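Following this message is one structure expressed as structure tokens.
The values are calculated or read from the model by the stated rules, or taken from the named source; none is laboratory data. Owing to the predicted nature of the structure, the values given are computational and were not obtained by experimental measurement. Cβ sites come from the backbone with ideal geometry, for glycine too, and all protein chains shown count toward neighbours. Please note that ligands, DNA and RNA were not included when accessible areas were found on the heavy atoms of the full protein model with its side chains. Shrake-Rupley method; radii C 1.70, N 1.55, O 1.52, S 1.80 Å.
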Amino acid sequence: MAERLKVGERLRQSADYLRCYRKGRRKAGRLALLYFLPNEAGHPRLGITASRKVGIAVRRQLVKRRVREIYRRSMVRATLPALDLVVHLQPGAGSASFDELSSELL
């Protein structure tokens, strides 16, 4: 499996995010909300959002990098069906450690 996420493996357009929010199913956790919706791309795609409640810009970017790394390292990634996944970070995610975030997302 490739080490990096290719452009096609990430959600890039706001219409894709909105479609997940409006039509997708939702799974809530303490640190993140996971929205998922089947797609026609043939492989899973990941999108990450974080509001200002998570923290300042540096903190939000750090947490988003951690989520990308958790997804990238996950062995489950190869077995996922064709889904659009949007991880919406909750305010508590800004102060969570890598291990706490990893255990919740996996």
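Can you name every residue in the range 40-65 that is among the charged types (D, E, K, R) and either closer than 20 Å to Arg19 by Cβ or in contact with a Pro (Cβ under 7 Å, 6 or more places away or on another chain) (or both)?
Glu40, Arg45, Lys53
Please name all residue pairs, on different chains or six or more residues apart, with Cβ atoms under 8 Å, provided the first residue is in the range 51-75 and is closer than 26 Å to Glu3 by Cβ and assigned to a helix (DSSP H, G or I) and the second residue is among the acidic types (Asp, Glu) and open to solvent by 60 Å² or more (accessible area, probe 1.4 Å).
Hits for this filter: Arg72/Glu3.
Please work out which residue is farthest from the chain's Cα centre (by Cα), limiting yourself to the range 26-37 and to residues that are open to solvent by 60 Å² or more (accessible area, probe 1.4 Å) and over 11 Å from Leu85 (Cβ atoms).
The extreme case among them is Arg30.
Only residues that are assigned to a loop (DSSP other than H, G, I, E, B) and surrounded by 15 or more Cβ atoms within 10 Å (Cβ to Cβ): list them for the range 11-23, please.
Within the range 11-23, Leu11 is the sole residue that qualifies.
Return the residue satisfying two criteria in turn: it lies in the range 78-106 and is in a helix (DSSP H, G or I) and in contact (Cβ under 8 Å) with a residue 60 or more places away in the chain, and of such residues it is nearest to Gly24 (Cα to Cα).
This residue is Leu105.
Same structure again: Within the range 72-106, restricting attention to residues that are open to solvent by 70 Å² or more (accessible area, probe 1.4 Å) and charged (D, E, K, R), which residue is modelled with the lowest pLDDT?
Arg73
Moving to a separate point now. Do the conditions hold for Arg26, that is, is it of a type outside the set (A, V, I, L, M, F, W, C) and in a loop (DSSP other than H, G, I, E, B)?
no
Ok, one more. Among the numbered criteria (1) buried (at least 16 other Cβ atoms within 10 Å of the Cβ); (2) closer than 14 Å to Arg10 by Cα; (3) not charged (D, E, K, R), which single criterion is violated by Ala41?
In the conditions (1) buried (at least 16 other Cβ atoms within 10 Å of the Cβ); (2) closer than 14 Å to Arg10 by Cα; (3) not charged (D, E, K, R), Ala41 misses (1) alone.
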